[in-house]
Amino acid sequence: MEVFERIKDVRQRVAEVKETGGTIGFVPTMGALHDGHLSLVRRAREECDLVVVSIFVNPTQFGPAEDYERYPRDLAGDEAKCQRVGCDIIFAPTVEEMYPKGFGTCVQVQGLSEKWEGVARPGHFRGVTTIVLKLFNIVRPSYAYFGMKDYQQLKIIQKMVRDLDLDIEIVPCPTVREPDGLAMSSRNEYLSSEERAAATILFQALELARDRVQAGERDAQALTGLLREFIGSEPLAQIDYIAFADPETLDPVEWIDSDVVLLVAVRIGQVRLIDNTLIAPGVGTPKGRSR
Ligand code: PAF
């Protein structure tokens, strides 16, 4: 496995593989790798000739009051993990390499970037799409692997790829969970043991909603009320949003008569966590429309 800091070195290795017709699989990350990230690398390993993982804590996707400085960084640990799952190249550039003096371009996927996480974290997705497009141009992947844990990010990247005709297939990969259901996230490291126990409320809420929809409840407002009450019963939890939304547009839905994504953002103590699940209403008998 090779570790590169410079754009020109990655470009050169990628060009060598592309010249021989090889496929490039790319996993963009901000490091502090956990089993969720590693599942993406494993999938890329199975499907591609050259596997590139980028590790870059991207300053432009953090708000001024967010955790950029504090974000966990462990390049040595990440290298060992990547090596174990068969990564070929780690690209770990410096901030100066990615944003040299005078850098002045940004990429914004309008509409999708302004909802949900976009409201809570203004400018976040502009930072994400700018860095991801830049990484795509450096790595020139055939396939890029994204976790469904960051569902809105995944949809925004897919839209950017479509809108800009990028010749890259985005591969969505399932959320990897701890045994008690908590979605893996580098930010879970911030949770105290008490908060860690409380954080399972997110997954339990997703399961509760899924059960109720499958039992015939179709009214998104009624379901949201139920989830508010359920999550509200956890003293450490503060709800940011709960949304039943169209899985592509992420517009809220009122009545669940086709597939929806349930998005939740909850603060556990000081730690803001997000999670989601896709819910298919299935063929069960719906409860009547009450409004
Ligand atoms: O999901 C992440 O870790 C980041 O948003 C990404 C895609 C690596 C861009 O910095």
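The values are calculated or read from the model by the stated rules, or taken from the named source; none is laboratory data. Predicted model, so just to flag it, every value in this text is computed and none were measured. When we count neighbours, we look across all protein chains shown, and the Cβ atoms used for this are built from the backbone with ideal geometry, even at glycine.
Values for this structure:
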quantity	calculated
Selection status of ARG43, closer than 22 Å to ILE157 by Cα and at pLDDT 95 or above	yes
Selected residue [over 19 Å from the mean Cα position of the chain (by Cα) and either surrounded by fewer than 18 Cβ atoms within 10 Å (Cβ to Cβ) or modelled with pLDDT of 95 or more (or both)] from ALA32, ALA15	ALA15
The stretch 141-160, residues that are over 10 Å from VAL171 (Cα atoms) and hydrophobic (A, V, I, L, M, F, W, C)	ILE156, ILE157, MET160
Among the residues listed as LYS101, LYS134, the single one being part of a loop (DSSP other than H, G, I, E, B) and either among the charged types (D, E, K, R) or in contact with a Pro (Cβ under 8 Å, 6 or more places away or on another chain) (or both)	LYS101
Near pairs, Cβ below 7 angstrom, 6+ apart or cross-chain, from the stretch 181-198 (of a type in the set (S, T, N, Q)) to any residue that is outside any loop (DSSP other than H, G, I, E, B)	SER185/LYS149; SER185/LEU273
Selection within the stretch 141-153 - within 14 Å of the ligand (Cβ to nearest atom), in contact with a Gly (Cβ under 9 Å, 6 or more places away or on another chain) and over 15 Å from ILE131 (Cβ atoms)	TYR145, GLY147, LYS149, GLN152
Only listed residue being assigned to a loop (DSSP other than H, G, I, E, B), hydrophobic (A, V, I, L, M, F, W, C) and more than 16 Å from the ligand (Cβ to nearest atom), chosen from ALA80, ALA65	ALA65
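Residues are listed down the side, and each one gets a yes or a no for (1) more than 18 Å from the chain's Cα centre (by Cα); (2) away from the ligand (no atom under 16 Å from the Cβ); (3) of a type in the set (Ser, Thr, Tyr); (4) under 19 Å from LEU263 (Cβ atoms):
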position: GLN108; (1), (2), (3), (4): no, no, no, no
position: HIS124; (1), (2), (3), (4): no, no, no, yes
position: LEU135; (1), (2), (3), (4): no, no, no, no
position: ILE168; (1), (2), (3), (4): no, no, no, no
position: PRO172; (1), (2), (3), (4): no, no, no, yes
position: SER186; (1), (2), (3), (4): no, no, yes, no
